[in-house]
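The values are calculated or read from the model by the stated rules, or taken from the named source; none is laboratory data. Please read these numbers as outputs of a predicted model, since none were measured by experiment. Cβ coordinates were reconstructed from backbone atoms using ideal geometry, including for glycine residues, and neighbour counts include every protein chain displayed. Heads up: the accessible areas ignore ligands, DNA and RNA and are worked out on the full protein's heavy atoms, side chains in. Shrake-Rupley method; radii C 1.70, N 1.55, O 1.52, S 1.80 Å.
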Amino acid sequence: NNIGSVVAFTGVSPLRIGNNQQTNHGNRGAFNGIIDEVRIWNRSLSATEIQEKSFIQLNPNNESGLVGYWQFNKNEGNIAKDLSGNGNDGSVDGATPTTDRFGNTNAALSFDGLNDDFTVPSTESLQLTNSVTLAAWVQVSTTSADQSIIHKGDGSIAQLDLTKNLLT
């Protein structure tokens, strides 16, 4: 099933995980909880593909259209490596390494719901103009609405957003 729709976004805004930090919105949408295994494809996955990929670590070499893949266990200082092969490494600001859903230490990121952020600069591979699939493992710590999980946009009409309130 599709959730929402995607408007082509080719702007220079960075991709943000855990916080949308738009200048015209402040930190509204800051995520409070744990985020892991963030994946972005530049195509629509079928329901079967989504089910097959939901509980496994991906092999990026076998993933058609994978443009971003962050496990958050390959961090080098405050840089989290993109495992998709597209070089979309991002910087962690405030979010802290924590235990993932499999019990692995320092293998997911914990966001405080205030100002933590993971930012990936805009790149050609993240210019999402057609179909897109967003996926992430999340554990929310609070039930307040409008918590940004994955965001790319500048606050104008063209933006891409996966928020916690879509999941409830």
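Overview of values
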item	result
Every pair of residues 6+ apart whose Cβ atoms lie under 7 Å, when the first sits in the range 132-143 and is touching a residue at least 40 places away in the same chain (Cβ under 8 Å) while the second is open to solvent by less than 40 Å² (accessible area, probe 1.4 Å) and aromatic (Phe, Trp, Tyr)	VAL132/TRP41; THR133/TRP41
Any hit, the range 66-75, residues being open to solvent by 50 Å² or more (accessible area, probe 1.4 Å) and in a helix (DSSP H, G or I)	no
Pairs, first in contact (Cβ under 8 Å) with a residue 12 or more places away in the chain in the range 36-56, second open to solvent by 60 Å² or more (accessible area, probe 1.4 Å), C-beta under 6 Å, six or more apart	ASP36/TRP137; GLU37/TRP137
Whichever residue in the range 94-108 is farther than 17 Å from LEU58 by Cβ and in contact with a Ser or Thr (Cβ under 7 Å, 6 or more places away or on another chain) and, among such residues, is least open to solvent (accessible area, probe 1.4 Å)	ALA95
Residue match in the range 36-53 (condition: assigned to a strand (DSSP E or B) and over 21 Å from SER148 (Cβ atoms))	no
The range 112-143 - residue that is closer than 30 Å to THR48 by Cβ and of a type in the set (Gly, Ala, Ser) and, of those, surrounded by the fewest Cβ atoms within 10 Å (Cβ to Cβ)	SER131
